[in-house]
1. Order the peptides 89-95, 175-181, 61-67 from the highest to the lowest mean number of other Cβ atoms within 10 Å of their residues.
2. Using only helices, what value at 222 nm comes out for the chain when you add -39,500 (n - 2.57) per DSSP H run of length 4 or more and divide by the total residues, to the nearest 500 deg cm²/dmol?
3. If you fit an axis through the alpha-carbon atoms of helix 47-59 and take the longest principal axis of the Cα set of the chain, what angle between them do you get, 0 to 90°, nearest 10?
4. Hey, can you grab everything whose amide H is under 5 Å from the amide H of Lys243? Only 5+ residues off in sequence or another chain; H modelled, so Pro and N-termini drop out.
5. When a/c is below 1.5 the answer is rounded, else prolate if a/b is larger than b/c, else oblate, so apply that to segment 214-253 with a ≥ b ≥ c taken from the square roots of the Cα gyration tensor eigenvalues.
6. Would you indicate which of [x] 172; [y] 122; [z] 113 is the value of volume of the Cα convex hull per residue in Å³ derived from the coordinates of this structure?
7. Please list, ordered by chain and number, the residues whose modelled amide H lies under 5 Å from the amide H of Arg135; skip anything fewer than 5 residues away on the same chain.
8. Using alpha carbons only, how many degrees (0 to 90, rounded to 10) separate the axis of helix 74-88 from the longest principal axis of the chain?
Amino acid sequence: MTNPLAPGSLTDKRALVTGSSRGIGADTVGYLAEAGAKVVVNYRNKARRAEQIAEKVVADGGAALAIGADLTDHDSVQAMVDAVVAEWGGIDLLVLNASGGMESGVGEDYALRLNRDAQVDMLQTAVPHMPVGSRVVFVTSHQAHFVETAETMDEYVPVARSKRAGELALRELVPQLEAAGIEFVVVSGDMIEGTITATLLNRLNPGAIEGRRQEVGKLYSVSEFAAEIALAAVEPIPADHTKLVGDVSGFTQ
């Protein structure tokens with residue numbers, strides 16, 4: 001996948017991408033770094049994987065930090081933001097990519113704590129260090145974005161509802177962000193091939209991925225969706241603060 005961002009288009013911009021030790025987050029970090037951004041590779045427990053991503057960025061002439069943080073723990077989030085500020089002075093781009101809720105062994109309220117409460121806390125902790133002209137990108141799925149009006153797989157409903165709750169909670173903060181000169185956009189994608197969530201859903205509902213692919217003709221890959229997220233860092237903000245990636249048939253009337 002070719003980087004959609006022009007070389008040098010993000011020179012000296014300071015970007016923090018949550019949940020970026022693998023998958024969509026990792027590829028997003030790669031695109032931003034290639035465009036000149038200083039990048040924070042955030043992880044919860046995949047330290048070595050995050051460090052390898054950061055090391056590659058540095059080896060290629062960029063600047064990167066691998067910082068672990070449990071987003072459901074405010075002190076952990078504060079420590080991560082403090083580390084970035086100490087190193088680079090602030091944050092110009094915050095990509096809220098981390099999400100979850102289908103993991104085994106987590107509490108019943110984990111999805112809501114991570115997908116709503118932690119997103120708001122991450123944003124509010126970062127905002128005091130984000131200058132005028134900075135931007136927040138929230139990553140979600142069509143299954144979550146349209147959960148109130150379209151059916152989704154039963155196994156995913158609790159996660160979808162928690163993701164939608166997080167999106168709505170963040171949208172309520174848009175006036176506050178705009179007053180501070182900070183832009184906000186939601187990037188929503190159809191089922192993405194190769195993600196953990198899609199794999200789990202396909203395991204629970206064999207044929208789900210192929211069925212959706214046949215229905216819409218094309219599903220985005222991890223790298224393709226990450227490219228759209230990276231573009232959202234520089235594209236004009238839509239009037240409704242929403243960028244829809246991929247087909248929305250079946251989700252809208």
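1. Most protected by this proxy first, the peptides run 89-95, 61-67, 175-181.
2. Computed mean residue ellipticity for the chain: -12000 deg cm²/dmol.
3. Long axis of 47-59 versus the principal axis of the chain: about 50 degrees.
4. Val186, Val187, Ser188
5. oblate
6. Checked against the structure: label [y].
7. Amide H neighbours of Arg135: Leu93, Leu94, Glu183.
8. Taking Cα atoms only, the helix is inclined about 40 degrees.
The values are calculated or read from the model by the stated rules, or taken from the named source; none is laboratory data. For clarity, every value in this text was computed on a predicted model and none was experimentally measured. Reconstructed Cβ throughout: ideal geometry from the backbone, glycine too, with neighbour counts over all protein chains shown. All accessible areas refer to the heavy atoms of the entire protein, side chains included, with ligands and DNA or RNA removed. Shrake-Rupley method; radii C 1.70, N 1.55, O 1.52, S 1.80 Å.
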